[in-house]
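Here the structure is laid out as structure tokens; the discussion comes afterwards.
The values are calculated or read from the model by the stated rules, or taken from the named source; none is laboratory data. Since the structure is predicted, the reported quantities are computational estimates derived from the model, not experimental observations. Here the Cβ is made from the backbone with ideal geometry for all residues, glycine too, and neighbour counts use every protein chain on show.
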Amino acid sequence: DDRTLLQFPLTHIGGILLFVMHQLRCGSSAVFMDSYDPELAIELIARHAVTAAGGPPAVLQGMLGARGFSAEKVRSVRLTGSGAADVSPELMRLAKERFGAVAYRSYGMTECPILSCGAPGAPEEKLHGTDGRPSPGCTARLVDDAGRPVAPGVEGEIEAYGPQLCVGYLDPALNAAFTPDGFFRTGDLGILDEAGFLRITGRRKDIIIRKGENLSAKGIEDVLAEHPKVGDVAVIGVPDPASGERVCACVVLRPGANELSLGEVAAFMDARQVMRQKIPEQLEILAELPRNATGKVRKDVLRARFRAAS
């Protein structure tokens, strides 16, 4: 009786794997949508007794905030999750609470999909706060800037290997992304803990260089996502004559939140003992964040907009 709701492009690697190949392999079924509509998603869950419903953060947030959402309509859901973009622990906790289901995170890319995934039975703090352990047969190797393995608990670039890893690119020039021993350099930063759980901490290029110090945008976003007035957030660097770049938080307010000041943000982060250099110096309130078809935030659009304004 397993039924999964497809809410993002079928041509995306997640669409192919999770909503076609998985069903063929396991004998389950999928409910397709022509285009994403959170209100329709809730109705389809109720109508078809969907058992698994999730998606990129923007999709999951849309469902949780739908006017038609009710515990009765989603009572068939046993599993919900998110991936394909930065996922906050707060979103996972909210999904578990609203759906009354197991909520987990996963991590992968077109070149090596589902490199890691949460699994039922794992401690809740690992399900919500990490991207799970490497999938069976897969290896996530973390290395420093010189390509040397780092110790557990130390941030490094993720190099991926597994049976689902692509063999290369049509353009041979791009194959420099592979190491001599066959691992794929993802460009993502992460931490692998002593228990083998992987947590994505950012992108090598998604950093803000403030007074010569590299700051992870994702680390700042994860803290801001816990603010009760913040519904969605993206952090970028904008040019600053004194510091090189300053931290700019682009925020979408939660429904019912009227305003949010830079002072409130600073006080919130200071109370959580966030280093002062990571506290935003600029705050932009937006109606929504620009996203691509798979729900990833278009930070290039935000940078172009606010760098021009600065």
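Quick notes
- Residue match in the range 249-258 (condition: among the charged types (D, E, K, R) and in contact with an Asp or Glu (Cβ under 8 Å, 6 or more places away or on another chain)): no
- Filter result for the condition that a residue is touching a Phe, Trp or Tyr at 6+ places or on another chain (Cβ under 9 Å) and closer than 20 Å to Ala249 by Cβ, over Leu215, Leu198, Leu224: Leu224
- Residues located in the range 262-310, provided they are of a type in the set (Gly, Ala, Ser) and in a helix (DSSP H, G or I): Gly263, Ala266, Ala267, Ala271, Ala304, Ala308, Ala309
- Verdict on Thr139 being modelled with pLDDT of 95 or more and surrounded by 17 or more Cβ atoms within 10 Å (Cβ to Cβ): no
- Matching residues in the range 190-237 - criterion: being on the phi > 0 side of the Ramachandran plot and surrounded by fewer than 21 Cβ atoms within 10 Å (Cβ to Cβ): Gly196, Lys211, Gly212
- Filtered residue count, the range 92-110, keeping only those that are assigned to a loop (DSSP other than H, G, I, E, B), under 17 Å from the mean Cα position of the chain (by Cα) and either modelled with pLDDT of 95 or more or hydroxyl-bearing (Ser, Thr, Tyr) (or both): 1
- Residue check for Ala71: surrounded by fewer than 18 Cβ atoms within 10 Å (Cβ to Cβ) and either outside the structural domain of Leu18 (by TED's automatic domain parsing) or on the phi > 0 side of the Ramachandran plot (or both): no
- Hey, Pro163 over 23 Å from the mean Cα position of the chain (by Cα), assigned to a strand (DSSP E or B) and touching a residue at least 24 places away in the same chain (Cβ under 8 Å) or not: no
- Any hit, the range 245-265, residues being farther than 16 Å from Ala225 by Cβ, of a type in the set (Val, Ile, Thr) and crowded, with 17+ Cβ neighbours inside 10 Å: no
- Some residue of the range 79-90 being of a type outside the set (Val, Ile, Thr), at pLDDT 95 or above and part of a loop (DSSP other than H, G, I, E, B): no
- Cβ-Cβ under 7 Å pairs, at least 6 apart or on other chains, the range 284-305 side without any contact (Cβ under 8 Å) to a residue 40 or more places away in the chain and closer than 10 Å to Cys250 by Cα, far side among the hydrophobic types (A, V, I, L, M, F, W, C) and part of a loop (DSSP other than H, G, I, E, B): Ile285/Leu260
- Number of residues in the range 253-274 that are over 21 Å from Lys218 (Cβ atoms) and not small (Gly, Ala, Ser) equals 4.
- Here is the figure for the range 9-38: residues that are in contact (Cβ under 8 Å) with a residue 24 or more places away in the chain, in a loop (DSSP other than H, G, I, E, B) and over 22 Å from Cys166 (Cα atoms) total 3.
- Among the conditions (1) in contact with a Gly (Cβ under 7 Å, 6 or more places away or on another chain); (2) in a loop (DSSP other than H, G, I, E, B), the only one that Asp145 does not satisfy is (1).
- Residue in the range 88-107 that is surrounded by fewer than 20 Cβ atoms within 10 Å (Cβ to Cβ), assigned by TED's automatic domain parsing to the domain that holds Gly196, closer than 24 Å to Lys296 by Cβ and among the charged types (D, E, K, R) present: no
Results for (1) touching a strand residue (DSSP E or B) at 6+ places or on another chain (Cβ under 9 Å); (2) under 30 Å from Gly65 (Cβ atoms); (3) assigned by TED's automatic domain parsing to the domain that holds Glu264; (4) not acidic (Asp, Glu), shown as yes or no for each residue.
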position	(1), (2), (3), (4)
Phe178	yes, no, no, yes
Gly182	yes, no, no, yes
Phe197	yes, yes, no, yes
Glu213	no, no, yes, no
Ile220	yes, yes, yes, yes
Asp232	yes, yes, yes, no
Cys250	yes, yes, yes, yes
